[in-house]
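J.: Dumping the structure here so I can ask a few things about it.
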Amino acid sequence: MILLRSIVYFVLFVLSVFAFGLPLAVFGLVTPQAVKDRWSIGWGRTNLWLQKAVCGLDVQIEGLEHLRDGPCIVMAKHQSTWETIALRGLLPPSQSWVIKRELMWIPVFGWAMAMVHPIPIDRSAGRKAARQVIDRGIEALQAGRWVVIFPEGTRVAPGTRGKYGAGGAMLAEHSKFPIVPIAHNAGIYWKRRGITKYPGTIRMVIGPPMRTDGLKASEILRRVEGWIEDTVATLPASRDGHPTPAGH
């Protein structure tokens, strides 16, 4: 039954990409930015509702009050696809995501994404990619947009951590904007591989904004990584009492 519900949700997810993505892709160039931002938020919220209605997958959030001041740099744990959908619906509307440039090539999804001011980078470009994050990130922040970054760069299994990239910390050092860290345990319900979505309640914690002015990128990154990983360690590591082995 869990697998069947997961398949039904996957079909609805694909339909939602077309329902929300096609209008953005077709009319995005002549649509006010505020409207496009809210339309993309609608896509995220629709999927959060579908996850709960179809898969029995809900989310409990702590620290929503930390999103009242903005804009900020959001740096979040990356365990699954869930957070790439959920954060779009949970964060303030004006968002610019740092993404792999290959995502822009996906039909409909990538075209729609191009309409909401992403910051696409070539991760193999090294310092050039970091410079893009800094330059375009500062531009977005000064325009009142929240910049969203997954510092691990790729999804990691529950109980493990990836190498935290310095791009977000470098952006914070140069821009002086605060960082809002986010931790969660989505990976035990929505694996980084596979289609199965397990019922339950994801726990997500939004930390207080971290001031970054006067700090070097290395110290900023150390503080952000420490907060995220320490907070993840306090969250439930199993679903319904069944441990989730590392690597799943």
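J.: Would you check the stretch 119-237 for Lys pairs whose C-alpha atoms are within less than 28 Å, ignoring same-chain pairs closer than 8 in sequence, and give me the count?
T.: Lysine pairs meeting the criterion: 8.
J.: Please label the shape of the stretch 85-156 as rounded, prolate or oblate, based on the square roots a ≥ b ≥ c of the eigenvalues of the alpha-carbon gyration tensor (a/c under 1.5 means rounded; beyond that, a/b larger than b/c means prolate, else oblate).
T.: Rounded.
J.: So, one more: When DSSP assigns beta bridges and you keep just the ones with both residues in the chain, what percent turn out antiparallel, to the nearest 5?
T.: 25
J.: Another one. Write out the trypsin sites (Lys or Arg not before Pro) in the stretch 146-187 meeting two conditions: DSSP loop, and at most 12 other Cβ atoms within 10 Å of their Cβ.
T.: Of the trypsin sites (Lys or Arg not before Pro), the ones in loops of the stretch 146-187 whose Cβ has at most 12 other Cβ atoms within 10 Å are Lys163.
J.: Using the membrane-span-like helix rule (whole DSSP H runs, Cα extent along the own axis of at least 18 Å, mean Kyte-Doolittle hydropathy at least 0.5), which helices of the chain qualify?
T.: Span-like helices, by this rule, are 2-27.
J.: Here is a follow-up. Checking the cross-link filter: which aspartates and glutamates have an alpha carbon closer than 19 Å to that of Lys100, excluding same-chain neighbours under 8 positions apart?
T.: Filter leaves Glu83, Asp122, Asp135, Glu139, Glu152.
J.: Would the chain count as rounded, prolate or oblate if I go by the C-alpha gyration tensor, calling it rounded below 1.5 in a/c and otherwise prolate when a/b exceeds b/c, oblate otherwise?
T.: Oblate, because a/c is 1.5 or more while a/b does not exceed b/c.
J.: About its Cα centre, how strong a charge dipole does the chain have in debye, to the nearest 20, once Lys and Arg get +1 and Asp and Glu get -1 at the Cβ?
T.: For this selection, approximately 480 debye.
J.: A follow-up question, please. With n ≥ 4 as the cut-off for DSSP H runs, can you work out [θ] at 222 nm for the chain, using -39500 (n - 2.57) per run divided by the number of residues, rounded to the nearest 500?
T.: -13000 deg cm²/dmol
J.: Which of rounded, prolate, oblate describes the stretch 105-242, given a ≥ b ≥ c as roots of the alpha-carbon gyration tensor eigenvalues and a/c under 1.5 marking rounded, otherwise prolate only if a/b is larger than b/c?
T.: oblate
Just so you know, all these numbers are worked out from the coordinates, no wet-lab data involved. Since the structure is predicted, the reported quantities are computational estimates derived from the model, not experimental observations. We place every Cβ from the backbone using ideal geometry, glycine too, and count neighbours over all the protein chains shown.
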